[in-house]
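**Q** The following block contains the structure, expressed as structure tokens.
The values are calculated or read from the model by the stated rules, or taken from the named source; none is laboratory data. Note that the structure is a prediction, hence the values are computed from the model and not measured. As a convention, Cβ positions derive from the backbone with ideal geometry for all residues, glycine included, and neighbour counts pool all protein chains shown. Calculation scope for accessible area: heavy atoms of the full protein, side chains included, ligands and nucleic acids excluded. Shrake-Rupley method; radii C 1.70, N 1.55, O 1.52, S 1.80 Å.
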Amino acid sequence: MARVLVIEDDRSVRNALEFALRRQGHHVSAAATGEEGVALVRDAAPDIVVLDLMLPGIDGFEVCRRVRAMGDVPVVMLTARGDDFDVVGGLEAGADDYVVKPVEPRVLDARLRAVLRRTERENTRSTSVFGDLVIDRAALTVHKGGKQVGLTPTELRLLLELSGSPGQVLSREQLLRSVWEHDYLGDSRLVDACVQRLRLKVEDVPSAPVLVRTVRGFGYRFDPL
């Protein structure tokens, strides 16, 4: 059972999500505004947040940024549209995954459990060093230039997956399956957006990456220095 926070302004949708997630065995709290949701993230310490993007007051994009600044609680976006503007904007704000409304309760539950599994999964292999980047796979920490790098759970999982096979090209489909536990290639923008965020944190010059490289037409490759 997970502690799930639902941030959704539509009362009928919010009530339906609360009911459905409780039926799936989760403990659910809810907020109708972004401000209330941010306060509950701080006070209630949820395991995962289900976040609607179209909120009154501060919108879901800003809520996601504030939640991300507060810690590493996973965020799953809930959007009424599957277009690139909503999805990519939310992913760039730091969301870990997304679902499009209306969503079947079992599908939402499966996506939440997949996010939670990958954020809780431990990797006990030894520490890896790539130039000034140090990845401690037992402690699940990353340091660059002696300073700890703040990665979201999904960013960390992506880095662990890429760096676990240095020099090997991993397709977006492979990364979706191993990091997000998805098998729908249409969700490849999850990978691209997360790679962009990861580069901002681990590359000296994110616009000219030397660690996480794009192999056009195939996917991504982690190049050891």
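**Q** May I ask you to verify whether Gly94 is at positive phi and either assigned to a helix (DSSP H, G or I) or in contact (Cβ under 8 Å) with a residue 12 or more places away in the chain (or both)?
**A** yes
**Q** On to the next question. Filter the stretch 130-166 down to residues that are surrounded by fewer than 13 Cβ atoms within 10 Å (Cβ to Cβ) and either assigned to a strand (DSSP E or B) or within 18 Å of the chain's Cα centre (by Cα) (or both), then give me how many there are.
**A** The qualifying residues number 2.
**Q** Residues in the stretch 93-101: is at least one surrounded by fewer than 22 Cβ atoms within 10 Å (Cβ to Cβ) and more than 21 Å from Ala114 (Cβ to Cβ)?
**A** no
Let's see how each residue does on (1) charged (D, E, K, R); (2) exposed (fewer than 13 other Cβ atoms within 10 Å of the Cβ); (3) within 23 Å of Thr127 (Cα to Cα); (4) over 18 Å from the mean Cα position of the chain (by Cα):
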residue	(1), (2), (3), (4)
Gln168	no, yes, yes, yes
Arg172	yes, no, no, no
Leu176	no, no, no, no
Val179	no, no, yes, no
Ser188	no, no, no, no
Lys201	yes, no, yes, no
Ser207	no, yes, no, yes
Val215	no, yes, no, yes
Phe218	no, yes, no, yes
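**Q** Failed condition for Pro206, given (1) of a type outside the set (Gly, Ala, Ser); (2) touching a helix residue (DSSP H, G or I) at 6+ places or on another chain (Cβ under 9 Å); (3) modelled with pLDDT under 90; (4) assigned to a loop (DSSP other than H, G, I, E, B), with all others met?
**A** Exception for Pro206: condition (3).
**Q** Within the stretch 37-58, track down each residue that is under 23 Å from Val87 (Cα atoms) and assigned to a helix (DSSP H, G or I).
**A** Gly37, Val38, Val41 - these are the residues of the stretch 37-58 that are under 23 Å from Val87 (Cα atoms) and assigned to a helix (DSSP H, G or I).
**Q** Taking Val107, is it closer than 29 Å to Leu159 by Cα, of a type in the set (A, V, I, L, M) and open to solvent by 40 Å² or more (accessible area, probe 1.4 Å)?
**A** Spelling it out, Val107 is indeed closer than 29 Å to Leu159 by Cα, of a type in the set (A, V, I, L, M) and open to solvent by 40 Å² or more (accessible area, probe 1.4 Å).
**Q** Return the residues of the stretch 155-193 that are closer than 22 Å to Arg65 by Cβ and at pLDDT 90 or above; say none if nothing qualifies.
**A** Result: Glu155, Leu156, Arg157, Leu158, Leu159, Val191, Asp192, Ala193.
**Q** Same structure again: Could you identify the single residue in Thr127, Thr119 that is modelled with pLDDT under 85, over 22 Å from Ser207 (Cα atoms) and open to solvent by 60 Å² or more (accessible area, probe 1.4 Å)?
**A** Just a single option satisfies the conditions, and that option is Thr127.
**Q** Let me ask something else. So, Val13, is that one in a helix (DSSP H, G or I), surrounded by 13 or more Cβ atoms within 10 Å (Cβ to Cβ), among the β-branched types (Val, Ile, Thr) and in contact (Cβ under 8 Å) with a residue 40 or more places away in the chain or not?
**A** Spelling it out, Val13 is indeed in a helix (DSSP H, G or I), surrounded by 13 or more Cβ atoms within 10 Å (Cβ to Cβ), among the β-branched types (Val, Ile, Thr) and in contact (Cβ under 8 Å) with a residue 40 or more places away in the chain.
**Q** Where residues in the stretch 68-96 are acidic (Asp, Glu) and touching a Lys or Arg at 6+ places or on another chain (Cβ under 9 Å), which of them is modelled with the lowest pLDDT?
**A** Out of the qualifying residues, it is Asp84.
**Q** Now, a different point. Out of all the residues in the stretch 37-60, which are touching a residue at least 24 places away in the same chain (Cβ under 8 Å) and among the charged types (D, E, K, R)?
**A** Arg42, Asp47, Asp52, Asp59
**Q** Here is a list: Arg68, Arg14, Arg3, Arg42. Which entry is under 15 Å from Leu112 (Cα atoms) and not polar (S, T, N, Q)?
**A** Sole residue among the options that is under 15 Å from Leu112 (Cα atoms) and not polar (S, T, N, Q): Arg3.
**Q** Out of the residues in the stretch 21-62 meeting the condition of being small (Gly, Ala, Ser) and under 21 Å from Pro102 (Cβ atoms), tell me which one is surrounded by the most Cβ atoms within 10 Å (Cβ to Cβ).
**A** So the residue we want is Gly37.
The rows are residues; the columns are (1) over 14 Å from Glu161 (Cα atoms); (2) of a type outside the set (Lys, Arg).
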| position | (1), (2) |
| --- | --- |
| Ser178 | no, yes |
| Val191 | no, yes |
| Cys194 | no, yes |
| Arg197 | yes, no |
| Val205 | yes, yes |
| Leu211 | no, yes |
